[in-house]
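Only the coordinates and a few stated rules stand behind these numbers; no lab work does. As the structure is a prediction and not an experimental result, all values here were calculated from the model. When we count neighbours, we look across all protein chains shown, and the Cβ atoms used for this are built from the backbone with ideal geometry, even at glycine.
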Amino acid sequence: MDVYEWDERYRLSVPEVDEQHKRWFALTNAFLEEVNCKRADNATVKQALLVAVAYAMRHFEDEEQLMRRIRFPKDEFRSHCTMHNAFVERVNALAKRCREGRPKVAEEMAAFMNGWLVRHILQTDVKYVGFYMSLDSVGNRRRLSSRRVGARPPTMPVLDRQRIVTRLRRRR
């Protein structure tokens, strides 16, 4: 299975967001390495998946908060959030299949996560970043982005299932 590497074409020129995307690629690839490792046990693969998914969800929260702060148009914001929710639902469905012991699901999940991220950056994130860049001044952009996005340490906590369920219920 292909490993997806960070590439300059994914750069959005919002340093905090770019750093989070780079980290997401790394975590998803770490998950893929565990899947491909013949010696990795199920618990190790599961832990790598949980870390990657937890990071993705944290990134979604940061991204959505940035869009709120810059007053990204509501229709586009809702559409963007819908894509985030669809990602979470798809990963949950794949995780369920993985728990049921279905073959090749972990590989399918890794490919889905990285493929989704690439498409999301190139087709969707560019929209809010374009809006963000159109703000009246660099100082204003810096002030809006530096409040919270990317303010977390590079290691993410283990995924809390209850937090995921609560977040999905709130969005419905």
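Can you give the three extents of the C-alpha atoms in segment 1-98 along their principal axes, from longest to shortest, in whole Å?
Principal-axis extents of the Cα atoms in segment 1-98, largest first: 48, 30, 18 Å.
Given a Förster distance of 35 Å, report the FRET efficiency between Ser134 and Ala111 from their Cβ-Cβ distance, rounded to the nearest 0.05. Please report the intermediate quantities before stating the final value.
Values: r = 34 Å, r/R0 = 0.98.
Once the sixth-power term is evaluated, E becomes 0.55.
Stretched out fully, how many nm does the piece from Glu89 to Arg119 gain, at 0.36 nm a residue minus the Cα gap? Provide the component values of the computation, followed by the final result.
Details: separation 30, 0.36 × 30 = 10.80 nm, distance 1.71 nm.
So the chain would gain 9.1 nm between Glu89 and Arg119.
If the cut-off is a Cα-Cα distance under 28 Å, which lysines reach Lys46, setting aside same-chain residues fewer than 8 apart in sequence?
Lys22, Lys38, Lys96, Lys104
How high is the FRET efficiency from Ala26 to Glu64, r the C-beta distance, R0 22 Å, rounded to 0.05?
Result of the calculation: an efficiency of 0.50.
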